[in-house]
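Contents: one structure, followed by commentary.
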Protein chains: 2
Amino acid sequence: MQINSIEKLLAQTLAETDLSKKQQAVLNASLSLFAQQGFEHTTSSEIAQQAAVSEGTVFKQFKTKQGILNALLEPFIENVFPRVLNEFTNKITGQQYHNFEHFLCYVVKDRLTFAMENQKQLKIFLQEIIRDETMVKVMYDKWQVLLDEHITPLFITFQKNKQLIDWPISRIMQYIVSILAGYILPRILTNSMATFDIDQSSQAASDFLLRSLTPLKD
Amino acid sequence: MQINSIEKLLAQTLAETDLSKKQQAVLNASLSLFAQQGFEHTTSSEIAQQAAVSEGTVFKQFKTKQGILNALLEPFIENVFPRVLNEFTNKITGQQYHNFEHFLCYVVKDRLTFAMENQKQLKIFLQEIIRDETMVKVMYDKWQVLLDEHITPLFITFQKNKQLIDWPISRIMQYIVSILAGYILPRILTNSMATFDIDQSSQAASDFLLRSLTPLKD
DNA sequence: ATTAAATGAGTAATTACTCACTCACCTTAT
DNA sequence: ATAAGGTGAGTGAGTAATTACTCATTTAAT
């Protein structure tokens, strides 16, 4: 019955809002239980018990079980696609010293870290997105904006500079995301994210991706 | 409210067992409903209605709702990891004319086809594996056997022949599976598997993978 | 006629959520 | 300082709705 290992997003949310101790306990307990057993298989009385709170308290703030879920997932959804990318883009387009390799290594490590720091939210997110069409649509739209407005202009300059293979941007990004997911998902499923060596993995992932995505020089 | 598009595994199961028409309808309806709404969000009365059957009939054969789920997932689990690989391995090790490129193209196309032909089972499978530790363990063990007994010896010969980069086999396979999943999962989530161009996608996937996994010749 | 399959009303259990009430703490009046 | 009054987070027994599953009975098949 350990406290949340890291779960930075939740910690941040709790710090920013001014929820009572008991309400914070409700969120904490819900996060752990939803991740462990799934949303549907977690009862309100379990949440109350785990949070050491009455069942009435569970519903005082967030009204419904779904309300608790939303409170947990909202900050995650706002942060899956790195805000950082925007900053990165701006830094880049003006100056020239950053290159695709830099960019790739940075993003890979950044997202693997994000996944590690928010395992439970990620697991709950996966459980939900697989059966909620609306959520899929929301994420897809966010993805499109990121792709069109931030990644595409950046990658086009990389391609002009012969640092990046001349493939459609969406195809390149698909591969990058696939490889990232390939490191993350198995560990989420087996609950072995704790023993994840981010430095080694992000190095390996970047190496692999660069081999394919860098144009052959001849 | 269309009939199952393809769902070959179910078709095969129905052909092999001798279930009554009504029991077959129960399986069909359950498959569609579980895939659309999720297992938990599908009620027995919905299954009965969709199958045009009384609610008692739903439980006659498979006893419980979980029983129906198992009947649907069992053939899927037995076939996610290609049986074909065994045959492929045997053909290969004796003779020499097959190479890594051959192998890769074959497997990629084969598994994309499998995913396309069994979308609904796949979606249900994903819903379940993400919250069922036992299932994860079962799949992990199957994966280990496949890796150790069939893939490793094959890949070692590819590596000896300088057709395949000298990385750990598990790492290479992780990347191959990641790329496959990257083609399949988005389409499962968006229910757009129907308009999937397997030939083009498997070609693109193989091209990408070969760029990284083939040793540099110099 | 006998067996098997199907029916659907009924049941027991679960569970998300409510609401009348408590009480610790604060503000204001005297 | 003290009493009176107010507030709102917290409580937990109770409720209404849902739903997986049963079984006595009917229907169909050979």
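The values are calculated or read from the model by the stated rules, or taken from the named source; none is laboratory data. Remember, it's a predicted structure, so these values are computed and weren't measured experimentally. Please note: Cβ atoms are built from the backbone with ideal geometry, for glycine as well, and neighbour counts cover all protein chains shown. Surface areas here come from the heavy atoms of the whole protein model, side chains and all, with no ligands, DNA or RNA. Shrake-Rupley method; radii C 1.70, N 1.55, O 1.52, S 1.80 Å.
Below is a table of values for the structure above.
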item	result
Hull volume in cubic angstrom per residue (convex hull over the Cα atoms of the range B:8-70)	76
Rounded to the nearest 20 debye, dipole of the range B:49-206 from Cβ charges on Lys, Arg, Asp, Glu	140
Accessible area (Å², 1.4 Å probe, nearest 10) - residue B:102	100
Nearest-0.05 FRET efficiency for residue A:37 and residue A:210, computed from C-beta distance (R0 41 Å)	0.55
Accessible surface, 1.4 Å probe, highest first, among residues B:111, B:83, A:211	B:83, A:211, B:111
For the protein assembly as shown, convex hull of alpha carbons as volume per residue, Å³	166
The range B:8-70: relative contact order in percent, alpha carbon pairs under 8 Å with at least 6 residues between	32
A versus B: buried accessible surface, summed, Å² (probe 1.4 Å, to nearest 100)	3100
In degrees, nearest ten, helix A:119-129 long axis to first principal axis of chain A (Cα)	90
Top of A:189, A:73, A:112 by mean-square fluctuation, Gaussian network on chain A, Cα under 10 Å	A:189
Of B:60/B:137; A:22/A:65; B:65/B:120; A:65/A:137; A:123/B:137, pairs whose Cα-Cα distance is over 20 Å	B:60/B:137; A:65/A:137
Theoretical FRET efficiency, 1/(1+(r/R0)^6), r = Cβ-Cβ of residue A:66 and residue B:16, R0 41 Å, to 0.05	0.50
Residue A:175 accessible area, 1.4 Å probe, all protein chains in place, Å² to nearest 10	0
Debye, to nearest 20: dipole size of the range A:8-69, +1 on Lys, Arg Cβ, -1 on Asp, Glu Cβ	100
Unit charges on C-beta of K, R, D, E only; dipole of the protein assembly as shown, Debye	40
Candidates B:121, B:61, B:163: whichever shows maximal mean-square fluctuation once chain B is modelled as a Gaussian network with Cα springs under 10 Å	B:61
The range B:81-213 - convex hull of alpha carbons, volume per residue in Å³	107
Trypsin sites (Lys or Arg not before Pro) restricted to the range B:6-81 and DSSP loop, no more than 15 other C-beta within 10 Å	B:63
Two-site label geometry, residue B:148 and residue A:200: point separation in nm, points 7 Å out along Cα→Cβ	2.0
Accessible area in square angstrom per residue, the range B:8-70, 1.4 angstrom probe	51
Simple label model, 7 Å out from Cα along Cβ direction - residue A:140 to residue B:78, nm	3.5
Anchor residue B:217: lysines whose Cα lies under 26 Å away (excluding residues fewer than 8 positions away in-chain)	A:162, A:217, B:160, B:162
For chain B: relative contact order, % (alpha-carbon pairs under 8 angstrom, 6 or more apart)	24
